[in-house]
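Encoded as structure tokens, the structure appears first; notes follow it.
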């Protein structure tokens, strides 16, 4: 009896670990809402940052495999991933569309002047409506879309060189080979 | 009062076990009672609009503070605003006091308070996380669920 | 270059700590003294390389090397130098480097200060600590490398340190807390080593005691500083929120408090051995649990670091391995070390047992409340809830009061035997006396709360007993003044720590019952009266700081017409991130704190202003400080060292 009671703490601990593991899995905010993948980019009609008279829609994003990056000037981490976005735009031949999320238009312009602009165009999502349609938890987030504008991948958090090489590039390579297979026929 | 020389460790052990059992069962009862009274369930605006949330009970509610909905009183610190899931459901909130530094329109918030029979959520406390990059997970969840339930046309209100 | 050296130093530290975890154990297995002796050299190596790595990161901060991602995310060229220094531990990666450095530091300290342990014991202890260091270093290198560069185009400017952390309190709070958390690995390692050796004797308890006391003292001051920081920096005027992260630090403290008392009984009387071992394992387990809760993002709180599932999985796995492994070892080995020592129902052993049971039950109740949202979510599938502070108050306060009762009568107790008469001999005098004193104090206030009254009576009762205890120790000495200073440090430490508890309890009781708080809308010239003080708001002016601009309000405080102070609460806007921070103004004294914070502008010239008058709130932290001092004083006890020497000789003879 004595010997068995010594196992009680171990039992309690294991129950605790199971609870933590379950809770942890449930709360994982990086879990991709599956319903977003393979869905067309949500419909929107929003102004462009460069020229607010110009209206951009989901059709503006089609034609090429591209990245869509959600950013804001209040987002500290966006400064961190910025150099990598610059490199991708320069070296990978991949257009990046920006979604300026919940931000001040003037500040956003100044930010791009100060740090340089990796984006082909920037969509002004002042009310965060598009970001919500995309299920964005916060900036930065980056989506991979194919040439038809269908969402293929979502990355939550900073895009580093490492993350680009290990997670985004494989997705893009698959898309490119698919595109190459379709086009000749 | 002294232990007998025969089996002192037995009785001692009994005392130890008895004490622990007594103390912990009292504590468990205490804890359970306290838990029952002090657990604040979370309700989304949608659930509140549909009448699923209890009236006049301490609950938590969360959502996005709708743009242009914040109205301050001229005379005291009462603030009225509306939280919603940005699809259909909207709940008016009233709060008297000082709002947290990160409170602003378009930001996700979680409030703790009671729902009046008229459907106004009277908040005792408004929480905004001290990290503005991320939404409170409850709010993110609310919006995600609201979107899952949205009808394809996206224009019908109130589910 | 320097960041790469820092990274390299970490890798070297990992290699050395792997050796430290393995070689001395192999030495014990093969009975080779040469391998066992490697522990000392290896632990200094690990410490040196961790320190180098830490220095490299600090250097990167000081020279604004924004090509290092971590520096860019948490610093800014406009940040004052002392904040650059403390920004090293301002976020997850760097704070974990500090954690690891402290781990290596404790290991090094054990290696240096316990040369008198038996060779086998020392080898095992150092190997266990080496194993823990391996885990921490692996975690850092695999999931949270602070030296990652963002090349080839580094940002021109850093994103700045979170303004909440730009505060002197934050320079000291985390290191102290980590010293406590990680310091609990020492009694843990001693417990594991003792279990491995199958020898849970009083020598083991005596070795553990000073280390436990030291770690516990650091944990105490860490929690105290954290509470003080929350009070003046979060802008809410509260001093404890039962927040998940606060609980994560409070639970190991409660268990460590139980451990300290239980170790005393084990050392002096040889009782509760297996229980004490369990507590030693539990105390460090709660530290790891705290790390998991804070760093995995599984619970949301103002203090949690950014979420990364990889990290959570790693810590959970490591915790399962370490804690699960040691509890398994405990289950298999602790039964062997059963000894029978009898004691009376009314002896000091019983009081210590009561203390232990109460502390452990309190810990479990807090644990339940902290993870209840997770349990509920796991069982109910996604429904979210939160457990409010009333729960924690409802379960903790009654238990704490019972603890005070045990503490009050403890000076009259004796080891082994006791009687009602001896235990309660003067209480017929002290209990009514405490009632009278408390009534006198409370009669000055208009409101009355039963909880406060009880807490106050108990605290005063403890005080009377402490004074009597002091008197008893010097009564039969001729030179009473000298006798006061001639007591043993252990007794002194105990006395001061208990005094600290009483002081803190008085502070808590008075603050909770008699604080007055008003949130008001004020225009320049408006006056608000709170608890007899008149606060006149004199408007707001613009002020500039090194990396922020602020609206600085002026509040002129008078009492019955006589000026008290002018206070300057601020609303700061930090430029790099654009976020807004409330900087409350405080005016403290022994008997009350005045607290003024600016809310937001409401209308043209009006501001929302929060005004508190909090009686005796500083006693809480002063109590915490006393407890810490008490813990540190016990370290001066020469008894430990002297006996260790003798034990060591015997041990060495046994070993050969």
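The values are calculated or read from the model by the stated rules, or taken from the named source; none is laboratory data. As the structure is a prediction and not an experimental result, all values here were calculated from the model. Cβ atoms come from the backbone with ideal geometry, glycine included; neighbour counts cover every protein chain shown.
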If you go through the stretch A:22-56, how many residues are at pLDDT below 80 and either within 14 Å of chain C (Cβ to nearest Cβ) or crowded, with 17+ Cβ neighbours inside 10 Å (or both)? 13
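Quick check: anything in the stretch C:285-304 over 30 Å from residue C:170 (Cβ atoms) and either facing chain A (nearest Cβ under 10 Å) or modelled with pLDDT of 90 or more (or both)?
To start, the set of residues in the stretch C:285-304 that are over 30 Å from residue C:170 (Cβ atoms) comprises none.
No; the residues of the stretch C:285-304 include none that is over 30 Å from residue C:170 (Cβ atoms) and either facing chain A (nearest Cβ under 10 Å) or modelled with pLDDT of 90 or more (or both).
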Among the residues of the stretch A:102-131, count how many are buried (at least 18 other Cβ atoms within 10 Å of the Cβ), within 27 Å of residue C:75 (Cβ to Cβ) and modelled with pLDDT under 85. 3
Residues being assigned to a loop (DSSP other than H, G, I, E, B) and buried (at least 24 other Cβ atoms within 10 Å of the Cβ): count how many of those fall in the stretch C:177-235. 1
Just to check your reading of the model, which residue among A:124, A:144, A:136 is touching a residue at least 24 places away in the same chain (Cβ under 8 Å), under 21 Å from residue B:65 (Cα atoms) and assigned to a strand (DSSP E or B)? A:124
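Which is touching a strand residue (DSSP E or B) at 6+ places or on another chain (Cβ under 6 Å) and in a helix (DSSP H, G or I), of C:452, C:511? First the steps, then the outcome.
Working: C:452 fails: touching a strand residue (DSSP E or B) at 6+ places or on another chain (Cβ under 6 Å).
Result of the check over C:452, C:511: C:511.
Any residue at all in the stretch C:543-559 that is within 14 Å of chain B (Cβ to nearest Cβ) and in contact with a helix residue (DSSP H, G or I) (Cβ under 6 Å, 6 or more places away or on another chain)?
No, there is no match, as no residue in the stretch C:543-559 is within 14 Å of chain B (Cβ to nearest Cβ) and in contact with a helix residue (DSSP H, G or I) (Cβ under 6 Å, 6 or more places away or on another chain).
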Determine whether residue A:99 is under 14 Å from the mean Cα position of the chain (by Cα), surrounded by 19 or more Cβ atoms within 10 Å (Cβ to Cβ) and closer than 22 Å to residue B:65 by Cα. yes
Can you tell me which residue among A:169, A:154 is surrounded by 15 or more Cβ atoms within 10 Å (Cβ to Cβ) and either under 10 Å from the mean Cα position of the chain (by Cα) or in a loop (DSSP other than H, G, I, E, B) (or both)? A:154
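If I go through the stretch B:66-114 residue by residue, how many of them are within 14 Å of chain C (Cβ to nearest Cβ) and either in a loop (DSSP other than H, G, I, E, B) or surrounded by fewer than 22 Cβ atoms within 10 Å (Cβ to Cβ) (or both)? Steps first, answer last, please.
Here is the first cut: in the stretch B:66-114, the residues within 14 Å of chain C (Cβ to nearest Cβ) are B:70-81, B:95-105, B:107-114.
Next, from what is left, pick out any that are either in a loop (DSSP other than H, G, I, E, B) or surrounded by fewer than 22 Cβ atoms within 10 Å (Cβ to Cβ) (or both): B:70-78, B:80, B:95-105, B:107, B:112-114.
Adding up the residues that qualify gives 25.
Going by what's in this entry, would residue C:473 be described as buried (at least 16 other Cβ atoms within 10 Å of the Cβ) and without any contact (Cβ under 8 Å) to a residue 24 or more places away in the chain?
Considered against the rule, which asks whether it is buried (at least 16 other Cβ atoms within 10 Å of the Cβ) and without any contact (Cβ under 8 Å) to a residue 24 or more places away in the chain, residue C:473 comes out as yes.
Here's the yes/no breakdown for (1) part of a helix (DSSP H, G or I); (2) at pLDDT below 90; (3) within 9 Å of another protein chain (Cβ to nearest Cβ):
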site	(1), (2), (3)
C:352	yes, no, no
C:364	yes, no, yes
C:376	yes, yes, yes
C:383	no, yes, yes
C:396	yes, no, no
C:401	yes, no, no
C:405	yes, no, no
Residue list for the stretch C:66-89, restricted to those being over 19 Å from residue C:100 (Cα atoms) and within 14 Å of another protein chain (Cβ to nearest Cβ): C:66, C:67, C:68, C:69, C:72, C:73, C:74, C:75, C:76, C:77, C:79
Going residue by residue through the stretch A:111-118, is there one that turns out to be within 12 Å of chain C (Cβ to nearest Cβ), more than 25 Å from residue B:108 (Cα to Cα) and in a loop (DSSP other than H, G, I, E, B)? yes
Considering each residue of the stretch C:328-340, count those that are touching a helix residue (DSSP H, G or I) at 6+ places or on another chain (Cβ under 6 Å), more than 8 Å from every other protein chain (Cβ to nearest Cβ) and at pLDDT below 90, and give that number. 2
Do you know which residues across the stretch C:536-564 are over 38 Å from the mean Cα position of the chain (by Cα) and part of a loop (DSSP other than H, G, I, E, B)? C:560, C:561
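Do we have residue C:483 as part of a loop (DSSP other than H, G, I, E, B) and at pLDDT below 90 here? Working first, answer last.
Working: part of a loop (DSSP other than H, G, I, E, B): no; at pLDDT below 90: yes.
No.
Name the one entry in B:31, B:53 that is facing chain C (nearest Cβ under 10 Å), crowded, with 20+ Cβ neighbours inside 10 Å and farther than 30 Å from residue C:522 by Cβ.
Numbers: B:53 fails: facing chain C (nearest Cβ under 10 Å).
Unique residue meeting the criteria: B:31.
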Does the stretch C:207-225 contain any residue that is modelled with pLDDT under 95 and within 14 Å of another protein chain (Cβ to nearest Cβ)? no
